[in-house]
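Okay, structure first, notes after.
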Amino acid sequence: MSVPIRRFADGNTDRMEIEGSRVLVAGATGGLGRRISRALSDEGARLMLAGRDEESLEALASELDVSHTATFDAMDTEGCAALTSHAARELGGLDALVIAFGTVAFGPEADVEDSVAEHMFQINTLAPIAMLRAAESELEQGGTVAAITAVTAEYPTAGMATYSASKAALSAWLQAMRAEYRRKHVHVLDIRAPHMDTGLAHRALAGTAPRNLPEPFPIDEFVQALVEALRSQAEHLAFDPRTRRLGKG
């Protein structure tokens, strides 16, 4: 039976009741996605965990006592779109989609091969957009789409030009789509995450992470802020590198 998303009025602000909500976490087995999945599970959300590695998914599902899992390949755009519809069928509806996957490359732009750039845009931009497009029809009764872009979407970084561009493109798409989603009472959350010790930098498509990367932001503090941003229906959760603080709005 379909369970509509529960919201309540708090002044002039709608808030999302996470307990009982049906949430697809795409990238659930990554260093950050795992923490997000655990936090949402602790809040009582009903999860569909999606990732690339079936063994890791099964282990996480067992740990969190989650019944619904699915594998997907971010290089398969059609498969990414189908994942959202699959989650809605399995969960009896969908209240939120959280996109927590991505990839990175480092080094001078002259050294970045075209194939690496294409790969990065596919994973960081085109695959999320395919899921987000599909989610629009699945969230007709209201809900939330949230995607982790990066602080580099707002502060492009030398030595990470293509990565910055791929995240900025997704952020721009979210901003442009916000009005269209709003007509269907769907909230859009752009999560401009700081550098964290998630292991992403050690799995780069190319190059080596520079030594002058900023001090990693605490992952647990970030995840706590992300969950609160979902709950409060914020439009942005953004990291300010000057103050090293997260702000939502």
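The values are calculated or read from the model by the stated rules, or taken from the named source; none is laboratory data. Quick caveat, the model's predicted, so the values are computed rather than measured. No Cβ is skipped: glycine too gets one built from the backbone with ideal geometry, and neighbour counts run over all protein chains shown.
To keep it simple, each residue is scored yes or no on (1) among the aromatic types (Phe, Trp, Tyr); (2) buried (at least 19 other Cβ atoms within 10 Å of the Cβ); (3) in contact (Cβ under 8 Å) with a residue 24 or more places away in the chain; (4) assigned to a loop (DSSP other than H, G, I, E, B).
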{"position": "Thr157", "(1), (2), (3), (4)": "no, no, no, yes"}
{"position": "Thr162", "(1), (2), (3), (4)": "no, yes, yes, no"}
{"position": "Lys167", "(1), (2), (3), (4)": "no, yes, yes, no"}
{"position": "Ala206", "(1), (2), (3), (4)": "no, no, yes, yes"}
Would it be correct to say that Ala117 is out of contact with any Phe, Trp or Tyr (no Cβ under 9 Å at 6 or more places or on another chain), under 25 Å from Glu19 (Cα atoms) and touching a residue at least 40 places away in the same chain (Cβ under 8 Å)? no
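Yes or no, residue by residue, for (1) within 16 Å of the chain's Cα centre (by Cα); (2) within 19 Å of Ile129 (Cβ to Cβ):
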| site | (1), (2) |
| --- | --- |
| Leu24 | yes, yes |
| Gly27 | yes, yes |
| Ser37 | yes, no |
| Met75 | no, yes |
| Ala87 | yes, yes |
| Leu91 | no, no |
Positions within segment 135-155 being at pLDDT 95 or above and either basic (Lys, Arg) or part of a helix (DSSP H, G or I) (or both), in sequence order: Val151, Thr152, Ala153
Single condition Thr208 does not satisfy, out of (1) in contact with a Gly (Cβ under 8 Å, 6 or more places away or on another chain); (2) at pLDDT 95 or above; (3) among the polar types (S, T, N, Q): (2)
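Starting from residues that are of a type outside the set (Gly, Ala, Ser) and outside any helix (DSSP H, G or I), keep the ones in segment 96-111 and report whichever is nearest to the chain's Cα centre (by Cα). Can you show your working first?
To start, the set of residues in segment 96-111 that are of a type outside the set (Gly, Ala, Ser) comprises 97-99, 101, 103-104, 106, 108-109, 111.
So of that shortlist, the ones also outside any helix (DSSP H, G or I) come out as 97-99, 101, 103-104, 106, 108.
Details: Leu97: 8, Val98: 4, Ile99: 3, Phe101: 6, Thr103: 12, Val104: 15, Phe106: 21, Pro108: 27 Å.
Going through the qualifying residues, I end up with Ile99.
For segment 174-196, enumerate the residues that are touching a residue at least 24 places away in the same chain (Cβ under 8 Å), surrounded by fewer than 19 Cβ atoms within 10 Å (Cβ to Cβ) and on the phi < 0 side of the Ramachandran plot.
The first filter runs over segment 174-196 and keeps only residues touching a residue at least 24 places away in the same chain (Cβ under 8 Å), leaving 174, 177-178, 180-181, 184-196.
When the remaining residues are screened for being surrounded by fewer than 19 Cβ atoms within 10 Å (Cβ to Cβ), the result is 177-178, 180, 184-185.
Met177, Arg178, Glu180, Lys184, listed by residue number.
Can you say whether Ala229 is crowded, with 20+ Cβ neighbours inside 10 Å, in contact with a strand residue (DSSP E or B) (Cβ under 7 Å, 6 or more places away or on another chain), among the hydrophobic types (A, V, I, L, M, F, W, C) and closer than 30 Å to Pro108 by Cβ, as far as the supplied structure shows? Don't jump to the end; show me each part of the working.
Details: crowded, with 20+ Cβ neighbours inside 10 Å: yes; in contact with a strand residue (DSSP E or B) (Cβ under 7 Å, 6 or more places away or on another chain): yes; among the hydrophobic types (A, V, I, L, M, F, W, C): yes; closer than 30 Å to Pro108 by Cβ: no.
For Ala229, the condition - crowded, with 20+ Cβ neighbours inside 10 Å, in contact with a strand residue (DSSP E or B) (Cβ under 7 Å, 6 or more places away or on another chain), among the hydrophobic types (A, V, I, L, M, F, W, C) and closer than 30 Å to Pro108 by Cβ - is not met.
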Val188 in contact with a helix residue (DSSP H, G or I) (Cβ under 9 Å, 6 or more places away or on another chain), modelled with pLDDT of 95 or more, in a helix (DSSP H, G or I) and within 25 Å of Asp14 (Cα to Cα): no
Quick one: count up the residues across segment 43-70 that are of a type in the set (S, T, N, Q) and under 23 Å from Gly143 (Cα atoms). 2
Per the filter on segment 38-76, residues of a type in the set (S, T, N, Q) and touching a Leu at 6+ places or on another chain (Cβ under 6 Å) are Ser41, Thr69
Of the conditions (1) over 17 Å from Glu109 (Cα atoms); (2) at pLDDT 95 or above; (3) within 17 Å of the chain's Cα centre (by Cα), the single one that Pro216 does not satisfy is (3)
Show the residue pairs that are 6+ apart or on different chains and have beta-carbon atoms under 7 Å apart, the first residue being within segment 61-81 and on the phi > 0 side of the Ramachandran plot and touching a residue at least 40 places away in the same chain (Cβ under 8 Å), the second being of a type outside the set (Ser, Thr, Tyr) and in a helix (DSSP H, G or I). none
Among the residues that make up segment 235-248, is at least one of them polar (S, T, N, Q) and touching a strand residue (DSSP E or B) at 6+ places or on another chain (Cβ under 6 Å)? no
